[in-house]
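Here is the structure we will look at.
Any read-out appearing in this document is the output of simple, stated calculations on the displayed coordinates, not a laboratory observation. Since the model is a prediction, treat every value here as computed from it, not as a measurement. As a convention, Cβ positions derive from the backbone with ideal geometry for all residues, glycine included, and neighbour counts pool all protein chains shown.
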Amino acid sequence: MKTILVTGGTGYIGSHTVTALIQSGYNVVVLDNLYNSSEAVLDRIETITGTKPKFYKTDILDKEGLKTVFAENEIDAVIHFAGYKAVGESVQIPLTYYENNISGSVNLYEAMKDAGVKTLVFSSSATVYGAPKSVPIREDFPTSTTNPYGSTKLMNEMILADVCKSDPDWSVLLLRYFNPIGAHQSGLLGEVPNGIPNNLVPYIARVANGTLEYLRVWGNDYPTPDGTGVRDYIHVVDLAEGHIAAVAYALEHKGADYINLGTGNGYSVLEVLHAYEKACGKELPYQILERRPGDIAECYADTEKAARLLNWRAKYNIDEMCRDSWNFTLKNPDGIK
Ligand code: NAD
Ligand code: UFG
């Protein structure tokens with residue numbers, strides 16, 4: 001049985017991936033400093049899978065802590081989710097973002113190298129495409145970034161490409177996620193944003209449960225069918241399954257490669273709002289405001305490379321994503337504690 005170390009494994013995408021890994025027969029070791037998640041996630045994973053993964057409350061900035069994790073476990077591959085992810089915050093406190101997402105990640109790669117573990121799946125983001133020249137977005141499109149968070153993703157991609165060049169034994173998959181939403185169908189795992197959410201679906205969920213008054217739609221004058229921004233929303237359970245395919249691939253192939261994880265379908269802000277209205281059974285108020293600085297009109301994936309290399313495609317549609325988000329929201333008014 002292969003052992004996978006999952007950094008950030010109690011977080012939103014991490015917890016769903018740990019669940020899917022256990023259900024696929026992997027032994028899983030979770031590392032997280034619990035900055036943006038709760039240890040109670042591990043009990044919930046046990047409720048779903050019957051297995052509570054071994055857990056290290058460790059920070060990736062702590063080199064000794066990382067060494068201990070690799071010394072105490074026979075790790076075959078690492079899936080690296082740990083990091084900060086708020087675009088706006090990264091503009092305010094860039095050095096904190098570079099320290100955590102770059103220095104922390106380099107510590108992890110060094111610990112892997114020292115332990116002879118050279119297989120890695122990295123959480124990158126569609127943000128590395130900047131303002132794409134056209135959609136759907138292919139992996140060979142030019143990359144650029146507009147904020148420190150995005151820069152940390154692109155720099156990690158460059159660092160890991162260099163590592164693979166320096167040593168042909170390394171195997172690295174750089175997964176560029178589009179917009180993960182939704183929650184585990186059990187209602188036990190989901191996204192718990194800190195404070196007022198910035199992202200669309202967590203915000204709509206709070207309008208639906210009455211904690212926020214109305215959705216602010218950032219602009220309806222984009223060159224899109226209804227004028228609102230279009231994104232490729234992907235169910236977090238589909239994304240987790242994408243990681244299962246990715247880790248299996250990485251264990252069998254050498255070198256670095258880049259893969260989009262999206263559905264290939266674009267939905268507008270108003271289409272998502274209407275899908276959520278269907279899920280929660282009520283009309284949700286909104287107001288149209290100015291465009292949000294830094295937003296692009298349209299962003300959705302070309303998914304052929306993921307299908308070809310990983311034999312993976314997303315299965316869930318926008319109605320199912322909203323249904324599962326609402327189920328989690330209803331069942332967890334106080335988050336995961
Ligand atoms: P999350 O915040 O829910 O999970 C990240 C986890 O990492 C948290 O549990 C946090 O406590 C942990 N963490 C942060 N810094 C750490 C450190 N120094 N040491 C140890 N643990 C640390 O976020 P998520 O949505 O699950 O995202 C996971 C990864 O995917 C991140 O790298 C994120 O940038 C990337 N990503 C997310 C999205 C998205 O929209 N959610 C999109 C593209 C890429
Ligand atoms: N939107 C609103 N109102 C809101 C929130 C969002 O109208 O309250 C709109 C945005 O303008 C955009 C769409 O909903 O058109 C999606 O916005 P999100 O903030 O949910 O997602 P983004 O596509 O802007 O950003 C996400 C992640 C980033 C990542 C980026 C590219 O949050 O981390 O995708 O992958 F960098």
Taking the Cα atoms only, what angle lies between the long axis of helix 40-49 and the longest principal axis of the chain, rounded to 10 degrees?
-> 90 degrees
If one puts a single equal scatterer on every Cα of segment 43-177 and applies the Debye formula without solvent, what log₁₀ I(q)/I(0) results at q = 0.10, 0.14, 0.19 Å⁻¹?
-> -0.38, -0.73, -1.16
Mean separation of Cα pairs under 8 Å and 6+ residues apart, divided by the residue count of the chain: what relative contact order is that in percent?
-> 20 percent
Between Tyr35 and Ile159, with labels modelled 7 Å along Cα→Cβ, what's the label distance in nm to one decimal, could you check?
-> 1.3 nm
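Calculate, in nm to one decimal, what Lys52 and Leu309 gain on full extension: separation in residues at 0.36 nm each, minus their alpha carbon distance.
89.4 nm
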Where both partners of a DSSP beta bridge lie in the chain, what percent of those bridges are antiparallel, to the nearest 5?
-> 5 percent
Nearest-0.05 FRET efficiency for Glu283 and Asp43 at R0 = 35 Å, using Cβ-Cβ distance, is 0.45
Any lysines whose Cα falls less than 20 Å from that of Lys278, other than same-chain ones fewer than 8 residues away, would be Lys315, Lys331
May I ask which of Lys165/Lys305; Lys52/Lys305; Lys113/Lys337; Lys153/Lys337 have a Cα-Cα span longer than 32 Å here?
-> Lys52/Lys305; Lys113/Lys337
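Using 0.36 nm per residue, how much length does the chain from Ser186 to Leu251 gain when fully extended, once their Cα-Cα distance is taken away?
Answer, rounded to one decimal: 20.4 nm.
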Alpha-carbon centroids, segment 201-237 and segment 270-334: separation in whole Å | 8 Å
GNM result for the chain, Cα springs below 10 Å: residue of Arg231, Arg291, Arg323 fluctuating most strongly | Arg291
Signed unit charges on C-beta, dipole axis of the chain, positive-most listed residue Gly88, Ile60, Val272 | Val272
